[in-house]
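Colleague: A single structure is presented below for examination.
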Amino acid sequence: MSASGTSLQLPRKKGMWMGGWAPFGYQVKDRKLVVNAEDAATVRSIFKRFLVVKSATLLAHELRQKNVRNRYGQAIDKGVLYKLLKNRTYIGDAVHKGVAYPGEHDPIIDRKLWDRVHAIMQESPRKRGASSRAQTPALLKGLIFDAAGAAMSPTHTRRKGRLYRYYISQRLIKASEPTGAPSMRVPAGEIEEIVIGQFRRMVSSPEVIAATWKQLRGTTSKLTENKVRAALVGFDEVWAELFPAEQQRITSLLVDRVVVFPTKVDVHLVIAGFTTLVTEMKGLAADQGKAA
């Protein structure tokens, strides 16, 4: 051996494919990873869709509804989806002991798309929701009323570059009450957190579970009581990842009206909304014919 000082490298460090299951989007030919055009198109569409949805939970639900599966017939659930989105093979890397090396294979995802997806994934789900909610502020539009029964409308103002959102009573807008009247104007963020907090706590309560199961039991649905309970108990985790338009839709399903008093807030829920929610969650609607 020459004493030139050149160190030997492991094949993996040179970017060679060392065997095992080929990632979705690739196939193995002559011990090398080769792009499968059809599957690679699906992988790209998943990355691009995540930029829009910004939620692994929702994207996994969409993929399940469309019956999207990898080349091994495996459904792309939330766990599989996270592994796919984090797999550096798609940007042309080979990873050995946690270190990425340039691979011999062609990438499926370009670096710009990868970086945009991972910038979103690095944010917490709650931060994503809060950030997006500022752009879609009217979560309680059409649902919120003051103590006298007048509708409260969303409004906002800007001070020193900051956005401040409110719900304001129609009585105040029409100048039929003095500006200082109680419950005429409330901070939108605070009242929304109160309402969201209440139905997130109530959704998994024994009373709501029993009432929801009672309604579903009298329909053609084949959902079991255990499936109903599991869906409602798991709702809190799902809510944290929903984008604002979906949060608004579900809020309108579950809430009949919100009444703001000077010292309290009454939230009136709709049990029928919980039955709709159960049949939508985690692909249960598609699975009703398979339920035990």
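Colleague: Among (1) modelled with pLDDT of 90 or more; (2) in a helix (DSSP H, G or I); (3) over 30 Å from E237 (Cβ atoms); (4) open to solvent by 30 Å² or more (accessible area, probe 1.4 Å), which single condition is R12 missing?
Modeller: (1)
Colleague: Let me ask you something else. Just one of the numbered conditions (1) out of contact with any Lys or Arg (no Cβ under 8 Å at 6 or more places or on another chain); (2) modelled with pLDDT of 85 or more; (3) open to solvent by less than 80 Å² (accessible area, probe 1.4 Å); (4) not in a helix (DSSP H, G or I) is not true of K141; which one?
Modeller: (3)
Colleague: Next up: Contact list please: Cβ distance under 6 Å, first residue in the range 262-275 and free of Cβ contacts under 8 Å to residues at least 60 places away in the same chain, second residue open to solvent by 50 Å² or more (accessible area, probe 1.4 Å), pairs at least six apart or on different chains.
Modeller: Hits for this filter: H268/D256; H268/R257; V270/D256.
Colleague: Given the condition among the hydrophobic types (A, V, I, L, M, F, W, C), open to solvent by 40 Å² or more (accessible area, probe 1.4 Å) and over 13 Å from W17 (Cα atoms), answer yes or no: does some residue in the range 72-88 qualify?
Modeller: Checked against the condition, which is being among the hydrophobic types (A, V, I, L, M, F, W, C), open to solvent by 40 Å² or more (accessible area, probe 1.4 Å) and over 13 Å from W17 (Cα atoms), the range 72-88 yields at least one hit.
Colleague: Residues that are buried (at least 17 other Cβ atoms within 10 Å of the Cβ) and either in contact with a Leu (Cβ under 8 Å, 6 or more places away or on another chain) or modelled with pLDDT of 85 or more (or both): list the helices (runs of 4 or more DSSP H) wholly contained in the range 180-292 that include at least 3 such residues.
Modeller: 188-202, 206-217, 225-233, 244-254, 271-280
Residues checked against (1) modelled with pLDDT under 90; (2) assigned to a helix (DSSP H, G or I):
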| position | (1), (2) |
| --- | --- |
| F50 | no, yes |
| A60 | yes, yes |
| L81 | no, yes |
| A94 | yes, no |
| P107 | no, no |
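The values are calculated or read from the model by the stated rules, or taken from the named source; none is laboratory data. Keep in mind that what you see is a predicted model, and the values were worked out from it rather than measured. In this analysis, Cβ positions are derived from the backbone assuming ideal geometry, glycine residues included, and neighbour counts consider all displayed protein chains. When the accessible area is computed, the model is the full protein with side chains, heavy atoms only, and any ligands, DNA or RNA have been set aside. Shrake-Rupley method; radii C 1.70, N 1.55, O 1.52, S 1.80 Å.
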